[in-house]
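Notes for the one structure printed next.
The values are calculated or read from the model by the stated rules, or taken from the named source; none is laboratory data. Predicted model only: the values in this text are computed from it and were never measured. Every residue, glycine as well, gets a Cβ built from its backbone with ideal geometry; the counts of neighbours run over all protein chains shown. Just the protein is used for accessible areas: all its heavy atoms, side chains included, with ligands, DNA and RNA removed. Shrake-Rupley method; radii C 1.70, N 1.55, O 1.52, S 1.80 Å.
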Amino acid sequence: MKIALLGSTGMLGSKTLEVFKKAGHELLAPNRFELNVSHLSEIEKYFNNYFFDILINCTGFTKVDACEDKANASMALTVNGTAIGWLAQYCKATQRVLVHFSTDYVFDGEKSEPYQETDSTHPINIYGETKREGEKLIMEVNPFFYLIRTSWVFGSGGSNFVKTMVELLKTKTKIEVVTDQVGGPTYTNDLARFILELIDQRAKYGLYHFANEGYTSWNGFAQEIKRLTGSACEIIPALSANFTRPAKRPANSRFDLSKASQAVGHRPRPWQEALEEYLTKELK
């Protein structure tokens, strides 16, 4: 099967490229200089010259706090919203499947239970609003899609919480990490493999929630990183209110993984196991 992959140099895109190549799929992976997804004409001009079966989009404006700035908000809406509608239109017109990724930030975090795919969205920051717009356009335009919401992503090839914590644990004697935000960490390797399984098994099209198994707070996540790295740094419990950030974060980012698990026939592995693999094999 031939796959067109956008965003192949990013944290998720680079791992997706690796996983799909190992599985024997042929990949077309233009960089952002070869294809600007912010223009429909550029999308059509580029892809009309190539044959492929599935388009996987790993592009996105993901700087959450920066989105609160008016100029960045406009760019984020184009990249995370409008451009996704164009990709959906193109895939529908050419009868291709579209794979796209969204976020826990489309929810307000006020639900007391893990979020299901059927729950109503209500973003509390601009980044979440732009991602919800992209979701809306996909579901309105193209019935042949895999839309995966994910949370707390970490992996090689980009900045993430784990990488930041490892550096802080090396250089600080004490750090404060919040306890009142909970969610499910997601390893890019496992997320990419989930997409591969959906495609190879020809799973039902639609919206899925995916993260590694289990939930924790940011503080609990940091504590596990500390344990695995053997750091002597003290991790102090803190509340979100102690930190001033431009964008609000949802307190509850937990996902119900039942639908995703049923689609591929197994539960994801625990986040602790995925974290250990990342620390020992990729973040050396």
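Summary of values
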read-out	value
Residues of region 81-104 classified as open to solvent by 10 Å² or more (accessible area, probe 1.4 Å), assigned to a helix (DSSP H, G or I) and not hydrophobic (A, V, I, L, M, F, W, C), total	4
Residues of region 209-233 satisfying the condition of being assigned to a loop (DSSP other than H, G, I, E, B), crowded, with 20+ Cβ neighbours inside 10 Å and among the aliphatic types (A, V, I, L, M)	Ala211
Qualifying residue in region 35-56 (condition: open to solvent by 40 Å² or more (accessible area, probe 1.4 Å), part of a loop (DSSP other than H, G, I, E, B) and in contact with a Leu (Cβ under 6 Å, 6 or more places away or on another chain))	yes
Single unsatisfied condition, Ile138 versus (1) surrounded by fewer than 19 Cβ atoms within 10 Å (Cβ to Cβ); (2) closer than 25 Å to Ala203 by Cα	(1)
Leading residue by the ranking (farthest from Tyr146 (Cα to Cα)) among those in region 57-80 that are open to solvent by 40 Å² or more (accessible area, probe 1.4 Å) and among the hydroxyl-bearing types (Ser, Thr, Tyr)	Ser74
Qualifying residue in region 10-18 (condition: charged (D, E, K, R), open to solvent by less than 40 Å² (accessible area, probe 1.4 Å) and either out of contact with any His (no Cβ under 6 Å at 6 or more places or on another chain) or part of a helix (DSSP H, G or I) (or both))	yes
Residue in region 19-34 that is surrounded by the fewest Cβ atoms within 10 Å (Cβ to Cβ), counting only those that are assigned to a loop (DSSP other than H, G, I, E, B) and on the phi < 0 side of the Ramachandran plot	Phe33
Any hit, region 154-162, residues being assigned to a strand (DSSP E or B), open to solvent by less than 20 Å² (accessible area, probe 1.4 Å), among the β-branched types (Val, Ile, Thr) and more than 15 Å from Ser14 (Cα to Cα)	no
Complete set of residues in region 226-243 that are closer than 15 Å to Lys174 by Cβ and at pLDDT 95 or above	Lys226, Ser231, Ala232, Cys233, Glu234, Ile235, Ile236, Pro237, Ala238
